[in-house]
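Right, one structure below, let's go through it.
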Amino acid sequence: MKVASYSNRIGGFVSSNAGIIKDCYTDAKVKYPCNAAGFAFENTGEIEHSISKSRTYGKENIAGFCFRNKGVIKESGWLWKAEASKTPSYSDISFAVEYRKPADAAAKLGLGDAWSKTDPLALNGGAENTYSFDGEAEGMRVVEIGSAAALCEIAKRIAAGDADAAKAYYRLTADINLHGRKWLPIGLTDMTPFVGIFDGGGHRILNFKIQGKGLDFAGFFGCVKGGRIANLKLDCIVNAAGANTAGALCAVSERGVILNCGVVARVCGERCCGGFIGKNAGVIAKCSFAGTVARPVAAAVFLFPLAAAVVLLLAVGVGIAVSRFAASPWSPEVIDPNARPIVDTGTYTPPPAGSNRISFEMNQEIYVHSVTQVGQIDYVNPKRSTQDVVIRVLISDAELLRVLGKTGRSEKEQAALEAEEGYDPETSYQELYRSGRIRIGYGIEDIKLSALPDGTALPVGDYEMLVAIDAYDPDTHEKSVVNAQAPITVHVVAPE
């Protein structure tokens, strides 16, 4: 098959790279019948210190890292555990990085300061690595974005051809939940590209979907020409069927600069499709993608599960709080790669037709290693449940103040939060862990707590926390309108 005849080119991070990609990471399950690679389908530029972690599935023209390379690839490749029983039959066996421990692979690839000290194969994100454009943007007026309405208005103005909007300097001031909205790409066409600066400030934009039908460029950013993007996190679904080029963060970057960005997404695409970006002819550094990249599926009708009766079967003796919401936000959560099938031998009465049931088992007390911040939760979503779930471990400001004497936020951030009407440290929570979607009949053993905003890892001590359990329809993957919370005690202990 000639390259020119390829009808689709799929990459777990990028479809086609003619620029520079450095210190980037993809944990994408790539599944396509043909013409697919774990990181980049084709490369005519330069890729350095970059990793493809998960499997690529397909039958023809399948590569673990890069299928067609006419550029430079240095100290990069797809990870292969030495104890694996069978080596995948990828076309690029030369890019295999065999290892027994993560540190082995890190040493072989010469990974530097951009990568985590505790997990050598994970990018070292966080506030300390936030990139600032202030020096490059001297004289530019900063437009702050703190709401969904403001964000959508900017995308509309740029799509309408507003040149001033396209070249402005934007800065997110808060996380933004788009509540399942269909997103209009920023830089809709190559005639109305984004040429300005977009600083995410470490914030996340979540719960939106990108439909490729009728678009040349499907992504949060469509076409970027010389624009600069940094410090942005996205959580979304991309159905790029019909689009010429697609990527969750950006479809096409020409001379653009993208730094310190992370994406969690399910991307379904054809033609030229990458998990993070479609085509790159600029610079990308310290960026990551996690999720799935696969072929498009028939459009699904999304139905909000509004069943009146929700039965909560508690397999642990804890109290639980159930809260309902007027709106029905949903999050396109990808399957947790760490979830494993469980043996469920218990007997149960099938729930009435049309009802929702959340049933779970987990440890009420969790012992976390003070160095690795890893602890064993043994969370099980048994077969008697009717919902997939995402679990989140939360700690209140009041608990942090009680144990540590601080919340981990800067004085300015904390003062601004306390000035908001209704702020209560007892009910203001920070998220220390978030799973992917745990399917019915699956469970996860371990969790890893993240650091506080100032980089502080929880020191040795006892902490009262909550596990928030968010239910998702197992067929549509849409978020249900019921949330549950169960208290747990976390003991952070020093190594023996």
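Look at (1) over 29 Å from VAL257 (Cβ atoms); (2) assigned to a strand (DSSP E or B); (3) at pLDDT 85 or above and you find that TYR90 fails only one, number (2). Contact annotation: residue pairs with Cβ atoms under 6 Å, 6 or more positions apart or on different chains, pairing a residue in segment 269-286 that is assigned by TED's automatic domain parsing to the domain that holds ALA240 and closer than 21 Å to ARG255 by Cβ with a partner that is part of a strand (DSSP E or B) and of a type in the set (Phe, Trp, Tyr), are PHE276/PHE289. Taking the criterion of being surrounded by 13 or more Cβ atoms within 10 Å (Cβ to Cβ) and over 17 Å from LEU432 (Cβ atoms), the residues of segment 403-417 that qualify are GLU413, GLN414, ALA416, LEU417.
Of the strands (runs of 3 or more DSSP E) lying entirely inside segment 188-271, those containing at least 2 residues that are in contact with a Ser or Thr (Cβ under 7 Å, 6 or more places away or on another chain) are 204-211, 221-225, 250-259, 262-268.
When the test is whether a residue is under 28 Å from VAL293 (Cβ atoms), among the polar types (S, T, N, Q) and out of contact with any Gly (no Cβ under 8 Å at 6 or more places or on another chain), ASN207 does not pass it. Every condition in (1) within 20 Å of ARG266 (Cα to Cα); (2) of a type in the set (Lys, Arg); (3) buried (at least 19 other Cβ atoms within 10 Å of the Cβ) holds for ARG228 except the one numbered (1).
When the criteria are applied in full, GLU399 meets the requirement of being in contact (Cβ under 8 Å) with a residue 40 or more places away in the chain, more than 24 Å from ILE237 (Cα to Cα), charged (D, E, K, R) and crowded, with 20+ Cβ neighbours inside 10 Å.
Table: residues versus (1) among the basic types (Lys, Arg); (2) modelled with pLDDT of 80 or more.
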position: PRO102; (1), (2): no, yes
position: ALA127; (1), (2): no, no
position: GLU136; (1), (2): no, no
position: MET140; (1), (2): no, no
position: VAL143; (1), (2): no, yes
position: ALA150; (1), (2): no, yes
position: LYS156; (1), (2): yes, yes
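The values are calculated or read from the model by the stated rules, or taken from the named source; none is laboratory data. What you are looking at is a predicted structure, and each value in this text was computed from that prediction instead of being measured. No Cβ is skipped: glycine too gets one built from the backbone with ideal geometry, and neighbour counts run over all protein chains shown.
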